[in-house]
1. Evaluate the following for residue 124: is it within 25 Å of residue 252 (Cα to Cα) and under 21 Å from the mean Cα position of the chain (by Cα)?
2. Grab the strands (runs of 3 or more DSSP E) fully contained in region 1-85, keeping just those with 2 or more residues being more than 29 Å from residue 162 (Cβ to Cβ).
3. Filter region 214-234 down to residues that are more than 12 Å from the ligand (Cβ to nearest atom) and buried (at least 17 other Cβ atoms within 10 Å of the Cβ) and give me whichever is farthest from residue 45 (Cα to Cα).
4. What single numbered condition from (1) within 16 Å of the ligand (Cβ to nearest atom); (2) within 20 Å of residue 72 (Cβ to Cβ) fails to hold for residue 129?
5. In this structure, is residue 31 modelled with pLDDT of 95 or more and within 22 Å of residue 201 (Cβ to Cβ)?
6. Quickly run through region 1-39 and pick out the residues that are touching a helix residue (DSSP H, G or I) at 6+ places or on another chain (Cβ under 7 Å), closer than 30 Å to residue 72 by Cα and free of Cβ contacts under 8 Å to residues at least 60 places away in the same chain.
7. If you take the residues in region 188-222 that are assigned to a loop (DSSP other than H, G, I, E, B) and in contact with a helix residue (DSSP H, G or I) (Cβ under 6 Å, 6 or more places away or on another chain), which one is nearest to residue 238 (Cα to Cα)?
8. So, of the residues in region 95-119 that are part of a strand (DSSP E or B) and either within 12 Å of the ligand (Cβ to nearest atom) or in contact with a helix residue (DSSP H, G or I) (Cβ under 7 Å, 6 or more places away or on another chain) (or both), which turns out to be nearest to residue 201 (Cα to Cα)?
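The values are calculated or read from the model by the stated rules, or taken from the named source; none is laboratory data. Keep in mind it's a predicted model, so treat the numbers as computed, not measured. So basically every Cβ, Gly included, is an ideal-geometry build from the backbone, and we count neighbours across all protein chains shown.
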Ligand code: PBG
C-alpha cells in the first residue's frame, strides 16, 4: 500500500482533490452605519469596516468587481429604542440601503438581509423583552419580525435571513411573505445558532452588545442554544426545515464541524455556515503577530467548511479570498 503516490506531484494532488472552494460559495457581510461619513475600521476586526451611507455603494461596486455574488446586510441606526422602531420603518436604514443597492446594481449582487432587532434596540437584545420571564418575548417578537420581513422584501431584498432564534419564526415569515406577494423570496434560517463567545467582535462592529438590567441578563443564553448540545442542534434545524426554510444555517462554524455534517446528512437542504467574527479575528490577530500565514489559514478554514458539508459560507474573509483568487 502506498497512500503517498497520489500526493507526490502537484497536478496529481489537484486531480484527486475532493473539495473545492470558489468565490461563488461566499457571502460577504456588510455593516452600514447611519449618521457617519466614509468608513471606520472595526478595532476588533482589522480589515473590516463600518460604512457610511455615502460610501457603502462604492464598497458593493468593489465587491462585484472582485466577483463576489452575495452580501449580508447589517444596519446600525442612529436612534435605538425598546422595540427597534428603525427596523419597522419603510424608510429605515436597511430599507433605504437595500433600495439603493438594487437601484444601482440590480441582479449583479444578491442582497440577503439579517432579520433581527439587536442592532435596533437600546437594550441590544434580539426582540421585545418580557420582564416576567426575563428573556425576549417570543410571540410579540414574531409579530414585529413579520413586519420587518415585509419591509425588507418591499425594498428589494433577495433573501430574508432571520437570526433571532424565535420559535415558529419560519412559519410566521413564510405566511407574511406569501400573503404580501413575496412567495418567491427564499428564507435562509439561522436554524442552529449557539450562544457563543465567538460573536464578541461582531457586537463592536454592529454596536449590538446585549445589556443587562433588572429585566434580562447580559447574554443571549435564554434564546440562543447551548453549544454543548448536538441532538438539540439537529432538532432545531429539522424544525426549521419542516416549517419551510429554504436554506439552513449553522452558526458559529469553526467549532461546530460535527453539527454541520450531521445537519447536512439529516436534511439534505442547502446549508450555509456563518464563519463568525471571533473566528475571523483570531486568524487576523495571529497573522498580525507573524505566527501564521493569513492566506494559507484562510483557505484551509474555508475548505474545511465545505468538506464538513456546507454549500455556502458567510465569511469576513470573502473579500480577501476573492482578492487572492484574482491576484489583486
Ligand atoms: C444578530 C446577529 C449576531 C451575529 C449575526 N447576527 C449577533 C448575536 O447573535 O449576538 C454574529 C455574527 C458574528 O459574530 O460575526 N442577532
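1. In short, yes.
2. No strands (runs of 3 or more DSSP E) qualify here.
3. Across region 214-234, the extreme among qualifying residues is 234.
4. Failed condition: (2).
5. Spelling it out, residue 31 is indeed modelled with pLDDT of 95 or more and within 22 Å of residue 201 (Cβ to Cβ).
6. 30, 34
7. The qualifying residue nearest to residue 238 (Cα to Cα) is 191.
8. 114
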